[in-house]
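Data block below; observations after.
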Amino acid sequence: SQKIEQNSEALNIQEGKTATLTCNYTNYSPAYLQWYRQDPGRGPVFLLLIRENEKEKRKERLKVTFDTTLKQSLFHITASQPADSATYLCAPLYSSASKIIFGSGTRLSIRP
Amino acid sequence: DAGVIQSPRHEVTEMGQEVTLRCKPISGHDYLFWYRQTMMRGLELLIYFNNNVPIDDSGMPEDRFSAKMPNASFSTLKIQPSEPRDSAVYFCASSFPSGNSGANVLTFGAGSRLTVL
């Protein structure tokens, strides 16, 4: 079955630096890959989606890359701020209407 | 729009009792997903519906769990009888294939925190 792996260790970054989170998947490549943010006590919130034929997608300080050869997506937050501290989840989709399975998430802490 | 509305926000019950969690999706969304989140297992998909029809319930842990969607604006997740290992946060999310991508993008509710004693 398909496995989705994210850094299980928390990531601690100094404010102003770039945070990079990794999402690896096994077997066949998804058609889309989504990233969500989850704050404590709240449901996940959608951030970005990238398609398999896109190498990179940007939204303000966020950037997502998708490498089907490496079977990996990277999620970058540039000029990180303490308000970016949260858990970030990736979710590959194998068709536009497929079920959405999430990785275990990576907890990101930005220290002032 | 008020977003995805879940109730109750918190439920504490005793082992063996029936638990019913409720969800009102965003109007116009034709997909509805139920997830369960624990520290140990992360966010697990239990079941999802399209146009009120269950599409995949392979994540439902066992027969004690059941989900229904009688109409486009309401869904329930029922656990009968409940057990301590069912303690978790249960999320409902709705979506429709959106934007240029045409892919489902989820909007989550605030979750229902269930504690089974």
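With q set to 0.10, 0.14, 0.17 Å⁻¹, the log10 of I(q)/I(0) for chain A, from the Debye formula over equal scatterers at the Cα positions, is -0.26, -0.52, -0.76.
As a test, work out the antiparallel percent of DSSP beta bridges whose residues both lie in chain A, rounded to the nearest 5. The antiparallel proportion sits near 90 percent. Computed from the C-beta positions of A:ASN24 and B:ASP30, the FRET efficiency with R₀ = 25 Å rounds to 0.20.
How high is the FRET efficiency between B:GLU62 and A:ASN53 when r is their beta carbon distance and R₀ equals 41 Å, given to the nearest 0.05? Working shown, then result.
Values: r = 40 Å, r/R0 = 0.98.
The calculated FRET efficiency here is 0.55.
So, R0 is 22 Å and r is the distance between the beta-carbons of B:ASN52 and B:THR20; what FRET efficiency does that work out to, to 0.05?
Values: r = 18 Å, r/R0 = 0.81.
It comes to 0.80.
Annotation: amide H-H contacts under 5 Å for A:LEU11 (H modelled 1.01 Å from N, sequence separation of 5 or more, or interchain): A:ARG107, A:LEU108, A:SER109.
Charge tally around B:GLN80: other residues with Cβ under 14 Å, Lys/Arg +1 each, Asp/Glu -1 each, net -4.
A simple spin-label model places pseudo-atoms 7 Å from Cα toward Cβ; at A:ASN12 and B:ARG41 they are separated by 3.2 nm. One quarter of the convex hull surface built on the alpha carbon atoms of chain B amounts to 7.1 nm², the projected area averaged over directions. Here the protein assembly as shown is assigned +1 on the Cβ of each Lys and Arg and -1 on the Cβ of each Asp and Glu. Its dipole about the Cα centre then comes out at about 500 debye. Considering only beta bridges that DSSP places wholly inside the range B:22-105, some 100 percent are antiparallel.
Proximity of backbone amide H atoms, modeled 1.01 Å from N, is registered between A:LEU48 and A:TRP35 at under 5 Å, excluding neighbours fewer than 5 places apart on the same chain.
Taken together, the values in this text are just the output of simple stated rules run on the coordinates, not laboratory data. This one's a predicted model, so the numbers in the text were calculated from it and none came from an experiment. Glycine gets a Cβ as well: all are built from the backbone with ideal geometry, and neighbour counts include every protein chain shown.
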